[in-house]
Amino acid sequence: MTTLSVFIPVIFVPGIAGVLFKDQALTVSFSLAASLIVSLTLVPLLCSRFLKLDTEGKKSGVLVDIVNKLSSYRVKMDEFYRKPLEWCLKHRKTVLITVLIAFLSSVSLFYPLRLIGTEFTSGFDEGELRFQLETVPGTRLEITQAAAQEAERIVREVGGDDLASTYISVGSGEGIAAIFSGGGSNAVSIMVPLKKMGERKRAQADIESEIRERLLTIPGLRTLNADSAIVASLGFGGSPINVEIYGYDREIAKDLADKIKKMIEGIPGAVDIQTSLSETNPELHIEVNRDKAYALGLNVANIASTVQTNVLGTTATRFREGSDEYDVVVRLKKEDRLTRDDLYNVPITSPMMTQVALRNVADIKQAEGSVTIERKKQERFVTVTGKLRGRDMGSVNRDIQAGLKSMPVPPGFIVSMGGSASDMTKSFRWLGLALIGAVFLVYAVMASLYESFLTPFIIMFTFPLGFIGVAWLFLFTGTVFSLTAFIGVIVLAGIVVNNGIVMIDYINQLRAGGMDLHEAVVTGARTRLRPILMTTLTTVFGMFPLALGLGSGSETSFPLARAVIGGLSVSTTLTLLFLPVLYTILSEFRLKRAERKSLKKAEHTSIAVGE
């Protein structure tokens, strides 16, 4: 019931965290409910039919020898446990202070020391590299293509045998056609599938970092961005660095974005910093002189259609050859559509079947045009985005927020953090509420079944003890605290109390039978040592392969496994030593309080009788 209780709040968590873990919570909840039914019905039936007391039977054999050896080890283990348990019960203050110091030092690893970083999701080894390169807006396709060939050479040279193949896409048009199609002649896209993890020597991040450093040496390169295909497809809110600037004035927004970009570039761990407010593309605006056009029987639609046909081309018909069809595109030769003078000389046919040059009915002006205008929340906005290398998301974004606080914001503008950083903050907040709800439900379940408020309170102390193991294991293994790690902490709230329940429940039974407090605690703890170790070891060994982080895609799972292993291991150790100490302290306090109440009641009774 306690384990089920921790997954119920996770089902109702909204946002990306709910999308990621709702199915997991439902799966575990239904499987646990089914196993509960089986353990209360089928297991007793099978035990009654097949289990027998081995008082008589074979006295020799391999299996019997193994069982006898295990029994002797169990006796030795029980004796080994008795000595530190007795010591802890004699030095209760020392144990309390030690555990308190361990807990506070574990909390300090997250704050204020921040030795354990935070991030939204763990980095993926996708087995694929993606780069977006840009030269100066308006660069001719031939020049961009030369830069792309140099980039391809660098990628192949650095990647070596770890690359499976290389795909490069250059521009989206040529000549004046690129201008009319909205640009794109300065863009280069590189996609590099890698070999499987077992077939290559280096990780994706190492290869990507080395390639990036080499690509930045290409002359004329303006921006460089490495995209993540998997993260983008999962909708994780985009780049780990994402600063949103809201405001209408383009020039002020560009100036502010440039300042923020320069500030972020000086922060260690921030790479590929760029703004969404790209530089304007050179454009040719054709302004039709309507009076001249109408005098010749032309209109704007005729002129636009003719220019488009001559420059971009128009599909006139389709040519069929067997089962294949080919578009027949009509347009001017390449050498007749390269310059502005070529555009001036485009012939326009009038209804009177006479041809007029475009220069006679229109003016062509050089202009600058925005490639894109982005809006969000009904406001124009600009984003400054970037990637991370060598530092966690939480620490880098804290440095960015500190820099933004010292940067003046113009009137009418708003600057805020977005992307994965915003998603991480929201998800951690909701998971924190889910953790509080889980702890409350676990306590409520135990309080209702024990019919006591004190016993569940004692058992709940095993949860913060588990947090000690999570913090120190993450520190030693260099694991960053992410969403999956947070889910592991929530799972711990329902798992670690099981050991305390097993121990405290039996101690209460012994005391109910008339046994002394100290003797009941020692006997109960020693008797429950084996089942506690059994439940802990089965869980730890079950999580161990996942915690190793081997194989593709394991980055999303091993933080959860490590959180469970570290928390459960330390919690079990401290449960065996600290929980008996806490139980005796609170039990003695309750007995003393009951004695004081009985004495006061006796005094009041004697006074009433005397009167």
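The values are calculated or read from the model by the stated rules, or taken from the named source; none is laboratory data. Because the structure is a prediction, the values reported are computed rather than measured. Don't worry about glycine lacking a Cβ; one is built from the backbone with ideal geometry, like all the others, and counts go over all protein chains shown.
Scanning the range 267-283 for residues that are assigned to a strand (DSSP E or B) and not small (Gly, Ala, Ser) yields Val271, Asp272, Ile273, Gln274, Thr275, Asn281, Pro282, Glu283. Considering (1) touching a Phe, Trp or Tyr at 6+ places or on another chain (Cβ under 9 Å); (2) not assigned by TED's automatic domain parsing to the domain that holds Leu358, the lone condition that Pro268 does not fulfil carries the number (1). Checking the stated criteria, Phe463 turns out to be touching a helix residue (DSSP H, G or I) at 6+ places or on another chain (Cβ under 9 Å) and among the hydrophobic types (A, V, I, L, M, F, W, C). With the structure loaded, tell me whether Glu374 is assigned by TED's automatic domain parsing to the domain that holds Arg250 and modelled with pLDDT under 90 or whether it fails that test. Spelling it out, Glu374 is indeed assigned by TED's automatic domain parsing to the domain that holds Arg250 and modelled with pLDDT under 90. Give the number of residues within the range 72-81 that are free of Cβ contacts under 8 Å to residues at least 60 places away in the same chain and either in contact with a Gly (Cβ under 9 Å, 6 or more places away or on another chain) or closer than 16 Å to Glu519 by Cα (or both). Count: 1. May I ask you to list the residues in the range 284-307 that are surrounded by 16 or more Cβ atoms within 10 Å (Cβ to Cβ) and part of a strand (DSSP E or B)? If the condition is that a residue be surrounded by 16 or more Cβ atoms within 10 Å (Cβ to Cβ) and part of a strand (DSSP E or B), then Ile286, Val288 are the ones that fit. When the test is whether a residue is at pLDDT 90 or above and assigned to a helix (DSSP H, G or I), Ile607 does not pass it. Here the range 319-342 is the region considered, the condition is being assigned to a loop (DSSP other than H, G, I, E, B) and not polar (S, T, N, Q), and the residue that is farthest from Ala304 (Cα to Cα) is Gly322. For the range 468-485, the set of residues classified as closer than 25 Å to Phe124 by Cα, surrounded by 23 or more Cβ atoms within 10 Å (Cβ to Cβ) and of a type outside the set (Ser, Thr, Tyr) consists of Val470, Ala471, Phe474, Phe481, Leu483, Ala485, listed by residue number.
If the condition is being in a loop (DSSP other than H, G, I, E, B), touching a residue at least 24 places away in the same chain (Cβ under 8 Å) and within 60 Å of the chain's Cα centre (by Cα), then the range 343-357 contributes only Val346. Go through the range 121-155 residue by residue and tally those that are touching a Leu at 6+ places or on another chain (Cβ under 7 Å) and assigned to a helix (DSSP H, G or I). Qualifying residue count for the region: 3. Listed conditions (1) assigned to a helix (DSSP H, G or I); (2) at positive phi are all met by Gly412, apart from (1).
Of the conditions (1) over 40 Å from the mean Cα position of the chain (by Cα); (2) outside any loop (DSSP other than H, G, I, E, B), Thr538 clears all except one; give me its number. Here Thr538 clears every test but (1). Applying a threshold of 6 Å to beta carbon distances and a minimum spacing of six or more residues, or different chains, the list of pairs starting in the range 126-143 at a residue that is in contact (Cβ under 8 Å) with a residue 60 or more places away in the chain and of a type outside the set (Val, Ile, Thr) and ending at one that is surrounded by 19 or more Cβ atoms within 10 Å (Cβ to Cβ) and part of a helix (DSSP H, G or I) reads Leu129/Glu208.
What are the residues in the range 373-409 that are assigned to a helix (DSSP H, G or I) and not aliphatic (A, V, I, L, M), if any?
Passing the criteria: Gly394, Ser395, Asn397, Arg398, Asp399, Gln401, Gly403, Lys405.
Does the range 448-468 include one or more residues that are without any contact (Cβ under 8 Å) to a residue 60 or more places away in the chain and over 27 Å from Asn508 (Cα atoms)? No. Looking across the range 527-586, the residues that are in contact (Cβ under 8 Å) with a residue 40 or more places away in the chain and either of a type in the set (S, T, N, Q) or touching an Asp or Glu at 6+ places or on another chain (Cβ under 7 Å) (or both) come down to Leu529, Thr539, Ser552, Glu555, Thr556, Ser557, Ser569, Ser571, Thr572, Thr575, Thr584.
Residues of the range 308-367 that are among the small types (Gly, Ala, Ser) and surrounded by 14 or more Cβ atoms within 10 Å (Cβ to Cβ): Gly313, Ser350, Ala362.
Of note, Lys261 satisfies the criterion of being out of contact with any helix residue (DSSP H, G or I) (no Cβ under 7 Å at 6 or more places or on another chain), touching a residue at least 12 places away in the same chain (Cβ under 8 Å) and under 30 Å from Ser482 (Cα atoms). Scanning the range 82-109 for residues that are closer than 30 Å to Ile241 by Cβ, touching a residue at least 24 places away in the same chain (Cβ under 8 Å) and surrounded by fewer than 19 Cβ atoms within 10 Å (Cβ to Cβ) returns Val107, Leu109.
Just need a number here: residues in the range 536-557 that are surrounded by fewer than 16 Cβ atoms within 10 Å (Cβ to Cβ) and either out of contact with any Gly (no Cβ under 7 Å at 6 or more places or on another chain) or modelled with pLDDT of 90 or more (or both).
Of the residues in that region, 10 qualify.
When Pro531 is tested against the conditions (1) in a helix (DSSP H, G or I); (2) at pLDDT below 90, the lone failure is (2). Go through the range 85-120 and count every residue that is within 30 Å of Ala17 (Cα to Cα), out of contact with any helix residue (DSSP H, G or I) (no Cβ under 6 Å at 6 or more places or on another chain) and in a loop (DSSP other than H, G, I, E, B). Within the range 85-120, residues that are within 30 Å of Ala17 (Cα to Cα), out of contact with any helix residue (DSSP H, G or I) (no Cβ under 6 Å at 6 or more places or on another chain) and in a loop (DSSP other than H, G, I, E, B) number 4.
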